[in-house]
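Every read-out reported here was derived from the displayed coordinates using simple, explicitly stated rules and does not represent laboratory data. In this text, all values refer to a predicted model and were calculated from it rather than measured experimentally. Here Cβ is always computed from backbone atoms with ideal geometry, including for glycine, and neighbour counts include all displayed protein chains.
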Amino acid sequence: MDPHSPDEHGIVLKAVIDATVITLREMARLEVTPLMPADKKYVKMFGDVSAVIGLLSPADGSLVFSLDEATARTIARRILAGVEESPGDDIVHDCIGEIANVIAGQAKGTLSATPQRFAISTPTIVCGHGHEIRHRNSMSCLLVRFSSEVGDFALQLCLEVPRSLKEEPQ
Amino acid sequence: MKVLLTDDSATIRMILKGLLKQLQITEISEAQDGQEALNILKTKTVDVVMLDIHMPTLDGLQCLEQIRKMPGGEKMPVIMITSDTDSKQIERAHELGAHAYIKKPFRIDGLREALATVIPDSTNKSGA
């Protein structure tokens, strides 16, 4: 992704938001509504379960899918309905990682033929009540919350900003 | 029909097992990575291998390459599982003789079509 710009960040974010809506509809039969994106400089994002996916070459950044424990469990139950009615913690966490993986994969596919294309890493799961996933100061970071009937959750998209476009250090 | 389902994600294995059962396919073996799949193939007879592309230890493409070198593995029906549209990897899988692929999130029609590609009438034979 070269050169980066706020507009390009927005293009990636839109692909991620669209992928999130489709993925949760198809995997969990859940309709979700994206709320207004915000710069992470002004809003914090906390969660109990987070899946972190690295966005790689030519991009350099990360995508974080973060939920509270109850919402994560309810979504996992919906995805595994008819297969596993009471998924344990390991399965719930694996399920959240897989959702993030599918979201990133769909966005990657959408942008594959554009200057914003990227590769993705396998998801890393972070657990712990009310944790925050930090990012490098050099990155530009947008947050978007989603509302749904089973609870709200959030996505964080951080992308490295080229030196020429950086403002004051955060 | 006997299916060997290979994916490092327990969630994906569960989802696919559920979909396969809806297609009346109940003889399902599971492996968490390519190496475990190869070990199972040395001791069990299967009709179709399903392989995730991205896995630790031995990924789906490496595993497929090894399967093709195994006695009787040259024509083993293989369905690749992918979460994205990485055309290079899908192209490489086809070069290695993968017969079909399914993309996450899964749809039962997509799985049915992939099975029908590798084994015609597969959903009629299922459960036998």
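Given a cut-off of 28 Å, name the pairs among B:Lys21/B:Lys88; A:Lys108/B:Lys21; B:Lys2/B:Lys69; B:Lys44/B:Lys103 whose C-alpha atoms lie farther apart than that in the structure shown.
B:Lys21/B:Lys88; A:Lys108/B:Lys21
Given points 7 Å out from each Cα along the Cα-Cβ axis, report the B:Thr57 to A:Tyr42 separation in nanometres with one decimal.
4.9 nm
Shielding by partners for B:4-14, please: the mean number of other protein chain Cβ atoms within 10 Å of each residue's Cβ.
5
Sequence neighbours fewer than 8 away in the same chain don't count; with that in mind, list the aspartates and glutamates whose C-alpha is under 17 Å from B:Lys75.
The reachable aspartates and glutamates, counting only those whose Cα sits under 17 Å from B:Lys75, are B:Asp47, B:Glu65, B:Glu95.
Where does helix A:69-79 land angle-wise versus the long Cα axis of chain A, in degrees 0 to 90, nearest 10?
70 degrees
What does the helix-only formula give at 222 nm for the protein assembly as shown: each DSSP H stretch with n ≥ 4 adding -39500 (n - 2.57), the total divided by the residues, and the result rounded to the nearest 500 deg cm²/dmol?
-12000 deg cm²/dmol
If one takes the longest principal axis of the Cα atoms in chain A, at what angle in degrees, from 0 to 90 and to the nearest 10, does the Cα axis of helix A:6-28 lie?
Relative to chain A, helix A:6-28 is tipped by roughly 10 degrees.
Compute the FRET efficiency between A:His129 and A:Val83 as 1/(1 + (r/R0)^6), taking r as their Cβ-Cβ distance and R0 = 25 Å, and round to the nearest 0.05.
0.35
Counting partner chain Cβ atoms within 10 Å of every residue's Cβ in A:85-92, what's the average?
Across A:85-92, the average partner-chain Cβ count within 10 Å equals 1.
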